[in-house]
1. Suppose we filter region B:181-211 for residues that are surrounded by fewer than 23 Cβ atoms within 10 Å (Cβ to Cβ) and either in contact (Cβ under 8 Å) with a residue 60 or more places away in the chain or more than 12 Å from chain A (Cβ to nearest Cβ) (or both); how many remain?
2. Kindly check whether there is at least one residue in region A:120-132 that is out of contact with any Phe, Trp or Tyr (no Cβ under 9 Å at 6 or more places or on another chain), of a type in the set (Ser, Thr, Tyr) and under 14 Å from B:TYR134 (Cα atoms).
3. If the requirement is being under 15 Å from A:THR154 (Cβ atoms) and touching a helix residue (DSSP H, G or I) at 6+ places or on another chain (Cβ under 9 Å), which of these qualifies: A:VAL113, A:VAL62?
4. Hey, among the residues in region B:150-180 that are in a helix (DSSP H, G or I) and free of Cβ contacts under 8 Å to residues at least 12 places away in the same chain, which one's farthest from the other protein chains (Cβ to nearest Cβ)?
5. Condition (residue is of a type outside the set (A, V, I, L, M, F, W, C), in contact (Cβ under 8 Å) with a residue 24 or more places away in the chain, crowded, with 20+ Cβ neighbours inside 10 Å and in a loop (DSSP other than H, G, I, E, B)) applied to region B:33-49: is it met by at least one residue?
6. Among the residues that make up region B:69-84, is at least one of them within 10 Å of chain A (Cβ to nearest Cβ) and aromatic (Phe, Trp, Tyr)?
7. Pairs please, first residue from region A:57-76 and closer than 17 Å to B:GLY207 by Cβ, second anywhere and of a type in the set (Lys, Arg) and assigned to a helix (DSSP H, G or I), Cβ atoms under 6 Å, 6+ apart in sequence or on different chains.
8. At least 1 residues that are buried (at least 19 other Cβ atoms within 10 Å of the Cβ) and over 15 Å from the mean Cα position of the chain (by Cα) in each: list the helices (runs of 4 or more DSSP H) lying fully within region A:56-134 that qualify.
There are 2 protein chains.
Amino acid sequence: MGLVTNPNEEGTDPTFFEVVLAQRACRQFDGRPVDDALVARCISAATHAPSAENLQPWVFVVVGDDAQRSAIGDLTRRLWREAGRPMSEGRLTPQLLDDVDAGAETGVASAPVLVVVCGDSSVAHRSTLASSIYPATQNLLLAANALGLGSAMTTLATIDEATLASILGTPDHIRPMAVIPLGWPARPLGPPRRRPLSEVAHRDRFGTSWT
Amino acid sequence: MGLVTNPNEEGTDPTFFEVVLAQRACRQFDGRPVDDALVARCISAATHAPSAENLQPWVFVVVGDDAQRSAIGDLTRRLWREAGRPMSEGRLTPQLLDDVDAGAETGVASAPVLVVVCGDSSVAHRSTLASSIYPATQNLLLAANALGLGSAMTTLATIDEATLASILGTPDHIRPMAVIPLGWPARPLGPPRRRPLSEVAHRDRFGTSWT
(Lines give C-alpha, C1' and ligand atoms only; values in the text may rest on other atoms or scores of the structure.)
Protein backbone atom coordinates (compact mmCIF):
# COMPACT_ATOMS: atom_id res chain seq x y z
CA MET A 1 0.00 0.00 0.00
CA GLY A 2 1.72 3.17 -1.20
CA LEU A 3 0.06 5.22 1.49
CA VAL A 4 1.86 3.52 4.33
CA THR A 5 5.32 3.72 2.84
CA ASN A 6 5.39 7.17 1.27
CA PRO A 7 2.34 8.66 -0.42
CA ASN A 8 4.00 12.01 -0.85
CA GLU A 9 6.60 10.58 -3.18
CA GLU A 10 3.60 9.89 -5.39
CA GLY A 11 2.26 13.39 -4.84
CA THR A 12 -0.95 12.17 -3.22
CA ASP A 13 -2.81 13.94 -0.47
CA PRO A 14 -4.49 11.08 1.37
CA THR A 15 -7.96 11.35 2.81
CA PHE A 16 -8.50 11.44 6.54
CA PHE A 17 -9.82 7.88 6.78
CA GLU A 18 -7.00 6.49 4.61
CA VAL A 19 -4.53 7.88 7.11
CA VAL A 20 -6.30 7.08 10.36
CA LEU A 21 -7.14 3.48 9.47
CA ALA A 22 -3.61 2.67 8.27
CA GLN A 23 -1.57 4.01 11.19
CA ARG A 24 1.21 1.66 12.24
CA ALA A 25 4.14 1.97 14.62
CA CYS A 26 7.46 2.19 12.77
CA ARG A 27 10.63 1.43 14.72
CA GLN A 28 13.21 0.96 11.94
CA PHE A 29 14.27 3.75 9.59
CA ASP A 30 16.27 3.84 6.37
CA GLY A 31 18.72 6.58 7.34
CA ARG A 32 17.56 9.32 4.98
CA PRO A 33 17.15 12.74 6.64
CA VAL A 34 13.77 14.39 7.16
CA ASP A 35 13.31 17.97 5.99
CA ASP A 36 12.42 20.57 8.60
CA ALA A 37 9.44 21.49 6.40
CA LEU A 38 7.91 18.05 7.03
CA VAL A 39 8.67 18.20 10.75
CA ALA A 40 6.97 21.60 10.82
CA ARG A 41 3.83 20.14 9.23
CA CYS A 42 3.76 17.41 11.88
CA ILE A 43 4.19 19.84 14.77
CA SER A 44 1.67 22.24 13.27
CA ALA A 45 -0.84 19.39 13.16
CA ALA A 46 -0.01 18.62 16.79
CA THR A 47 -0.77 22.19 17.85
CA HIS A 48 -4.25 21.89 16.34
CA ALA A 49 -5.32 19.31 18.92
CA PRO A 50 -7.82 20.30 21.57
CA SER A 51 -6.54 21.16 25.04
CA ALA A 52 -8.13 21.87 28.40
CA GLU A 53 -9.29 25.50 28.40
CA ASN A 54 -7.50 25.85 25.03
CA LEU A 55 -4.34 26.49 27.07
CA GLN A 56 -2.16 24.58 24.57
CA PRO A 57 0.32 23.49 27.24
CA TRP A 58 2.63 21.72 24.78
CA VAL A 59 6.35 22.03 24.21
CA PHE A 60 8.15 20.18 21.42
CA VAL A 61 11.87 19.55 21.62
CA VAL A 62 12.98 18.55 18.13
CA VAL A 63 16.17 16.53 18.55
CA GLY A 64 18.33 16.04 15.46
CA ASP A 65 21.79 16.44 17.00
CA ASP A 66 23.74 13.16 17.01
CA ALA A 67 24.95 13.36 20.61
CA GLN A 68 21.49 14.24 21.88
CA ARG A 69 19.85 11.41 19.95
CA SER A 70 22.51 9.06 21.22
CA ALA A 71 21.91 10.08 24.82
CA ILE A 72 18.17 9.47 24.43
CA GLY A 73 18.98 6.16 22.73
CA ASP A 74 21.20 5.08 25.64
CA LEU A 75 18.48 5.98 28.13
CA THR A 76 15.85 4.10 26.12
CA ARG A 77 18.06 1.00 25.89
CA ARG A 78 18.82 0.99 29.61
CA LEU A 79 15.15 1.38 30.58
CA TRP A 80 14.12 -1.29 28.09
CA ARG A 81 16.58 -3.78 29.57
CA GLU A 82 15.81 -2.86 33.18
CA ALA A 83 12.05 -2.34 33.07
CA GLY A 84 10.45 -2.75 29.65
CA ARG A 85 11.67 -6.12 28.44
CA PRO A 86 11.11 -7.98 31.74
CA MET A 87 7.52 -6.69 31.78
CA SER A 88 6.80 -7.36 28.11
CA GLU A 89 8.27 -10.85 27.87
CA GLY A 90 5.53 -13.42 27.93
CA ARG A 91 2.89 -10.75 27.28
CA LEU A 92 3.70 -9.72 23.72
CA THR A 93 3.60 -12.04 20.72
CA PRO A 94 7.16 -13.13 19.76
CA GLN A 95 6.92 -11.04 16.58
CA LEU A 96 5.84 -7.86 18.37
CA LEU A 97 8.43 -8.45 21.11
CA ASP A 98 11.18 -8.73 18.49
CA ASP A 99 10.01 -5.53 16.81
CA VAL A 100 9.79 -3.57 20.05
CA ASP A 101 13.12 -5.06 21.19
CA ALA A 102 14.93 -3.97 18.03
CA GLY A 103 13.26 -0.57 18.27
CA ALA A 104 14.28 0.00 21.87
CA GLU A 105 17.82 -1.34 21.42
CA THR A 106 18.75 0.75 18.37
CA GLY A 107 15.78 1.57 16.14
CA VAL A 108 14.17 4.54 17.80
CA ALA A 109 17.44 6.41 18.29
CA SER A 110 18.34 5.71 14.64
CA ALA A 111 15.51 7.95 13.48
CA PRO A 112 16.98 11.20 12.14
CA VAL A 113 14.58 13.21 14.29
CA LEU A 114 13.20 12.58 17.75
CA VAL A 115 10.40 14.88 18.81
CA VAL A 116 10.04 14.93 22.57
CA VAL A 117 6.55 16.11 23.42
CA CYS A 118 6.34 17.79 26.81
CA GLY A 119 3.59 19.24 28.98
CA ASP A 120 4.05 22.62 30.66
CA SER A 121 2.61 22.48 34.17
CA SER A 122 3.04 26.25 34.55
CA VAL A 123 0.49 26.70 31.75
CA ALA A 124 -2.07 24.03 32.69
CA HIS A 125 -2.71 22.01 35.82
CA ARG A 126 -0.67 18.83 35.88
CA SER A 127 -3.83 16.70 36.14
CA THR A 128 -5.06 18.00 32.78
CA LEU A 129 -1.82 17.54 30.84
CA ALA A 130 -2.46 13.97 29.62
CA SER A 131 -5.79 14.81 27.96
CA SER A 132 -4.09 17.66 26.06
CA ILE A 133 -0.61 16.30 25.33
CA TYR A 134 -1.58 12.83 24.04
CA PRO A 135 -4.16 14.14 21.54
CA ALA A 136 -1.47 16.53 20.25
CA THR A 137 0.98 13.64 20.05
CA GLN A 138 -1.56 11.56 18.15
CA ASN A 139 -2.01 14.41 15.63
CA LEU A 140 1.76 14.46 15.18
CA LEU A 141 1.84 10.70 14.54
CA LEU A 142 -1.05 10.84 12.08
CA ALA A 143 0.49 13.77 10.21
CA ALA A 144 3.72 11.80 9.91
CA ASN A 145 1.78 8.87 8.45
CA ALA A 146 -0.02 11.22 6.05
CA LEU A 147 3.36 12.44 4.80
CA GLY A 148 4.69 8.90 4.40
CA LEU A 149 6.98 9.17 7.42
CA GLY A 150 7.31 6.39 9.95
CA SER A 151 6.78 7.13 13.62
CA ALA A 152 5.70 5.51 16.85
CA MET A 153 4.26 6.50 20.20
CA THR A 154 6.94 5.75 22.79
CA THR A 155 6.85 6.64 26.46
CA LEU A 156 9.57 4.32 27.82
CA ALA A 157 12.23 7.05 28.13
CA THR A 158 9.86 9.19 30.21
CA ILE A 159 9.91 6.62 33.03
CA ASP A 160 13.23 8.15 34.08
CA GLU A 161 11.93 11.67 33.73
CA ALA A 162 14.88 13.22 35.57
CA THR A 163 17.49 11.84 33.18
CA LEU A 164 15.46 12.72 30.10
CA ALA A 165 14.88 16.24 31.43
CA SER A 166 18.60 16.58 32.10
CA ILE A 167 19.43 15.58 28.49
CA LEU A 168 16.90 18.06 27.16
CA GLY A 169 17.64 20.84 29.60
CA THR A 170 13.99 21.17 30.49
CA PRO A 171 13.14 22.96 33.74
CA ASP A 172 11.00 21.30 36.41
CA HIS A 173 7.68 22.60 35.09
CA ILE A 174 8.25 21.09 31.64
CA ARG A 175 7.38 17.40 31.79
CA PRO A 176 8.54 15.09 28.94
CA MET A 177 5.62 12.78 28.15
CA ALA A 178 6.43 11.06 24.83
CA VAL A 179 9.41 10.52 22.52
CA ILE A 180 8.36 10.31 18.86
CA PRO A 181 10.88 9.10 16.27
CA LEU A 182 10.39 10.50 12.76
CA GLY A 183 12.08 8.98 9.73
CA TRP A 184 11.52 7.14 6.49
CA PRO A 185 10.40 3.55 7.13
CA ALA A 186 13.06 0.91 6.49
CA ARG A 187 10.37 -1.35 5.00
CA PRO A 188 6.66 -1.18 4.19
CA LEU A 189 4.36 -1.69 7.16
CA GLY A 190 1.43 -4.08 6.98
CA PRO A 191 -2.14 -3.32 7.96
CA PRO A 192 -2.88 -2.81 11.67
CA ARG A 193 -4.63 -5.51 13.70
CA ARG A 194 -7.45 -4.27 15.85
CA ARG A 195 -10.13 -5.65 18.17
CA PRO A 196 -13.59 -5.48 16.51
CA LEU A 197 -16.25 -3.03 17.68
CA SER A 198 -18.32 -5.91 19.04
CA GLU A 199 -15.64 -6.44 21.70
CA VAL A 200 -15.17 -2.86 22.76
CA ALA A 201 -18.45 -0.95 22.31
CA HIS A 202 -21.37 -1.00 24.74
CA ARG A 203 -24.83 0.58 24.49
CA ASP A 204 -26.00 3.00 27.21
CA ARG A 205 -24.54 0.92 30.02
CA PHE A 206 -21.50 -1.30 30.33
CA GLY A 207 -22.28 -4.91 29.49
CA THR A 208 -24.86 -4.34 26.74
CA SER A 209 -23.23 -4.88 23.36
CA TRP A 210 -23.55 -1.91 21.04
CA THR A 211 -23.33 -3.82 17.78
CA MET B 1 -16.24 26.48 5.42
CA GLY B 2 -18.28 23.47 4.33
CA LEU B 3 -15.79 21.09 5.86
CA VAL B 4 -16.42 22.22 9.38
CA THR B 5 -20.21 22.18 9.21
CA ASN B 6 -20.92 19.03 7.25
CA PRO B 7 -18.76 17.96 4.34
CA ASN B 8 -20.51 14.63 4.02
CA GLU B 9 -23.73 16.30 3.05
CA GLU B 10 -21.75 17.44 0.04
CA GLY B 11 -20.38 13.95 -0.51
CA THR B 12 -16.77 15.02 0.00
CA ASP B 13 -14.07 12.88 1.55
CA PRO B 14 -11.76 15.48 3.10
CA THR B 15 -8.01 15.08 3.13
CA PHE B 16 -6.17 14.40 6.35
CA PHE B 17 -4.74 17.91 6.69
CA GLU B 18 -8.10 19.56 5.93
CA VAL B 19 -9.54 17.69 8.89
CA VAL B 20 -6.70 18.00 11.38
CA LEU B 21 -6.13 21.72 10.85
CA ALA B 22 -9.83 22.60 11.15
CA GLN B 23 -10.72 20.74 14.35
CA ARG B 24 -12.86 22.78 16.70
CA ALA B 25 -14.74 22.01 19.89
CA CYS B 26 -18.51 21.99 19.34
CA ARG B 27 -20.73 22.33 22.40
CA GLN B 28 -24.12 23.17 20.86
CA PHE B 29 -26.07 20.78 18.62
CA ASP B 30 -29.09 21.16 16.38
CA GLY B 31 -31.10 18.23 17.68
CA ARG B 32 -30.96 15.95 14.65
CA PRO B 33 -30.08 12.32 15.47
CA VAL B 34 -26.79 10.71 14.45
CA ASP B 35 -26.89 7.40 12.61
CA ASP B 36 -25.22 4.41 14.25
CA ALA B 37 -23.25 3.97 11.02
CA LEU B 38 -21.50 7.30 11.61
CA VAL B 39 -20.86 6.52 15.28
CA ALA B 40 -19.36 3.21 14.17
CA ARG B 41 -16.96 4.99 11.83
CA CYS B 42 -15.86 7.26 14.68
CA ILE B 43 -15.29 4.37 17.09
CA SER B 44 -13.55 2.34 14.42
CA ALA B 45 -11.16 5.23 13.87
CA ALA B 46 -10.60 5.37 17.64
CA THR B 47 -9.64 1.70 17.75
CA HIS B 48 -6.92 2.35 15.16
CA ALA B 49 -4.92 4.49 17.56
CA PRO B 50 -1.65 3.17 18.94
CA SER B 51 -1.63 1.69 22.43
CA ALA B 52 1.05 0.49 24.83
CA GLU B 53 2.02 -3.06 23.80
CA ASN B 54 -0.89 -2.89 21.30
CA LEU B 55 -3.10 -3.97 24.19
CA GLN B 56 -5.98 -1.74 23.01
CA PRO B 57 -7.31 -1.19 26.54
CA TRP B 58 -10.29 0.90 25.41
CA VAL B 59 -13.97 0.58 26.16
CA PHE B 60 -16.60 2.81 24.56
CA VAL B 61 -19.99 3.28 26.19
CA VAL B 62 -22.26 4.81 23.56
CA VAL B 63 -25.00 6.63 25.40
CA GLY B 64 -28.12 7.57 23.44
CA ASP B 65 -30.79 6.81 26.03
CA ASP B 66 -32.52 9.99 27.28
CA ALA B 67 -32.34 9.15 30.99
CA GLN B 68 -28.69 8.19 30.78
CA ARG B 69 -27.76 11.34 28.87
CA SER B 70 -29.72 13.36 31.40
CA ALA B 71 -27.88 11.78 34.30
CA ILE B 72 -24.52 12.56 32.70
CA GLY B 73 -25.78 16.08 31.98
CA ASP B 74 -26.77 16.59 35.62
CA LEU B 75 -23.37 15.37 36.79
CA THR B 76 -21.58 17.65 34.32
CA ARG B 77 -23.62 20.67 35.39
CA ARG B 78 -22.98 20.02 39.08
CA LEU B 79 -19.23 19.61 38.59
CA TRP B 80 -19.09 22.68 36.39
CA ARG B 81 -20.77 24.82 39.03
CA GLU B 82 -18.78 23.34 41.93
CA ALA B 83 -15.34 22.98 40.39
CA GLY B 84 -15.06 23.97 36.75
CA ARG B 85 -16.51 27.46 36.62
CA PRO B 86 -14.75 28.78 39.76
CA MET B 87 -11.42 27.60 38.29
CA SER B 88 -12.05 28.89 34.76
CA GLU B 89 -13.40 32.33 35.67
CA GLY B 90 -10.74 34.93 35.15
CA ARG B 91 -8.60 32.49 33.17
CA LEU B 92 -10.68 32.04 30.02
CA THR B 93 -11.59 34.82 27.62
CA PRO B 94 -15.21 35.94 28.18
CA GLN B 95 -16.21 34.42 24.82
CA LEU B 96 -14.65 31.01 25.57
CA LEU B 97 -16.05 31.05 29.11
CA ASP B 98 -19.56 31.69 27.73
CA ASP B 99 -19.18 28.86 25.25
CA VAL B 100 -17.87 26.38 27.83
CA ASP B 101 -20.51 27.56 30.32
CA ALA B 102 -23.37 26.96 27.88
CA GLY B 103 -21.83 23.63 26.94
CA ALA B 104 -21.49 22.43 30.52
CA GLU B 105 -24.91 23.73 31.59
CA THR B 106 -26.96 22.14 28.79
CA GLY B 107 -25.04 21.79 25.53
CA VAL B 108 -23.02 18.62 26.00
CA ALA B 109 -25.95 16.62 27.30
CA SER B 110 -28.10 17.89 24.40
CA ALA B 111 -25.95 15.96 21.94
CA PRO B 112 -27.89 12.93 20.68
CA VAL B 113 -24.95 10.66 21.48
CA LEU B 114 -22.39 10.76 24.27
CA VAL B 115 -19.48 8.40 23.85
CA VAL B 116 -17.78 7.73 27.17
CA VAL B 117 -14.26 6.53 26.49
CA CYS B 118 -12.90 4.33 29.25
CA GLY B 119 -9.60 2.62 30.02
CA ASP B 120 -9.53 -1.00 31.16
CA SER B 121 -6.90 -1.42 33.88
CA SER B 122 -7.29 -5.20 33.77
CA VAL B 123 -5.94 -5.11 30.20
CA ALA B 124 -3.14 -2.55 30.59
CA HIS B 125 -1.33 -1.07 33.58
CA ARG B 126 -3.12 2.00 34.89
CA SER B 127 -0.02 4.15 34.35
CA THR B 128 -0.12 3.47 30.59
CA LEU B 129 -3.82 4.15 30.07
CA ALA B 130 -3.57 7.88 29.31
CA SER B 131 -1.08 7.45 26.44
CA SER B 132 -3.44 4.90 24.84
CA ILE B 133 -6.91 6.26 25.64
CA TYR B 134 -6.36 9.92 24.69
CA PRO B 135 -4.89 9.12 21.24
CA ALA B 136 -7.93 6.90 20.62
CA THR B 137 -10.21 9.69 21.80
CA GLN B 138 -8.46 12.14 19.49
CA ASN B 139 -9.04 9.77 16.55
CA LEU B 140 -12.72 9.68 17.48
CA LEU B 141 -12.90 13.49 17.54
CA LEU B 142 -11.09 13.85 14.22
CA ALA B 143 -13.30 11.22 12.57
CA ALA B 144 -16.36 13.11 13.79
CA ASN B 145 -14.99 16.30 12.23
CA ALA B 146 -14.24 14.44 8.99
CA LEU B 147 -17.88 13.35 8.86
CA GLY B 148 -19.16 16.86 9.56
CA LEU B 149 -20.21 16.02 13.11
CA GLY B 150 -19.52 18.33 16.01
CA SER B 151 -17.73 17.01 19.06
CA ALA B 152 -15.50 18.11 21.92
CA MET B 153 -12.99 16.62 24.31
CA THR B 154 -14.53 16.84 27.77
CA THR B 155 -13.15 15.37 30.97
CA LEU B 156 -15.12 17.32 33.57
CA ALA B 157 -17.57 14.52 34.35
CA THR B 158 -14.69 12.14 35.07
CA ILE B 159 -13.63 14.19 38.11
CA ASP B 160 -16.40 12.41 40.01
CA GLU B 161 -15.43 9.04 38.63
CA ALA B 162 -17.56 7.11 41.13
CA THR B 163 -20.81 8.79 40.10
CA LEU B 164 -20.06 8.50 36.40
CA ALA B 165 -19.14 4.83 36.82
CA SER B 166 -22.39 4.27 38.71
CA ILE B 167 -24.43 5.83 35.88
CA LEU B 168 -22.64 3.68 33.31
CA GLY B 169 -22.54 0.50 35.37
CA THR B 170 -18.81 0.15 34.82
CA PRO B 171 -16.91 -2.14 37.20
CA ASP B 172 -13.88 -0.88 39.16
CA HIS B 173 -11.32 -1.85 36.54
CA ILE B 174 -13.05 0.21 33.82
CA ARG B 175 -12.05 3.84 34.28
CA PRO B 176 -14.11 6.55 32.46
CA MET B 177 -11.59 9.06 31.05
CA ALA B 178 -13.49 11.28 28.59
CA VAL B 179 -17.07 12.12 27.62
CA ILE B 180 -17.41 12.96 23.92
CA PRO B 181 -20.66 14.51 22.65
CA LEU B 182 -21.50 13.72 19.02
CA GLY B 183 -24.12 15.66 17.09
CA TRP B 184 -24.71 18.04 14.23
CA PRO B 185 -23.33 21.51 15.01
CA ALA B 186 -25.97 24.14 15.81
CA ARG B 187 -23.90 26.67 13.84
CA PRO B 188 -20.75 26.78 11.74
CA LEU B 189 -17.52 26.83 13.72
CA GLY B 190 -14.78 29.32 12.91
CA PRO B 191 -11.11 28.52 12.40
CA PRO B 192 -9.10 27.41 15.44
CA ARG B 193 -6.68 29.78 17.13
CA ARG B 194 -3.29 28.31 17.90
CA ARG B 195 0.08 29.37 19.29
CA PRO B 196 2.68 29.59 16.49
CA LEU B 197 5.52 27.07 16.19
CA SER B 198 8.03 29.74 17.19
CA GLU B 199 6.51 29.75 20.67
CA VAL B 200 6.34 26.02 21.23
CA ALA B 201 9.18 24.31 19.31
CA HIS B 202 12.79 24.06 20.51
CA ARG B 203 15.87 22.66 18.77
CA ASP B 204 17.85 19.86 20.44
CA ARG B 205 17.56 21.40 23.89
CA PHE B 206 14.92 23.44 25.64
CA GLY B 207 15.47 27.16 25.18
CA THR B 208 16.86 27.14 21.64
CA SER B 209 14.14 28.18 19.22
CA TRP B 210 13.50 25.64 16.49
CA THR B 211 12.18 28.05 13.89
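The values are calculated or read from the model by the stated rules, or taken from the named source; none is laboratory data. If you're wondering where the values come from, they're calculated on a predicted model, not measured in any experiment. With ideal geometry, Cβ positions are generated from the backbone for all residues, glycine too; neighbour counts draw on all protein chains shown.
1. 9
2. yes
3. Testing whether each residue is under 15 Å from A:THR154 (Cβ atoms) and touching a helix residue (DSSP H, G or I) at 6+ places or on another chain (Cβ under 9 Å) leaves just A:VAL113.
4. Only one residue tops the list, namely B:ALA162.
5. yes
6. No: region B:69-84 contains no residue that is within 10 Å of chain A (Cβ to nearest Cβ) and aromatic (Phe, Trp, Tyr).
7. Short answer, once both residue conditions are applied: A:VAL63/A:ARG69.
8. Ranges flagged: A:66-79, A:94-102.
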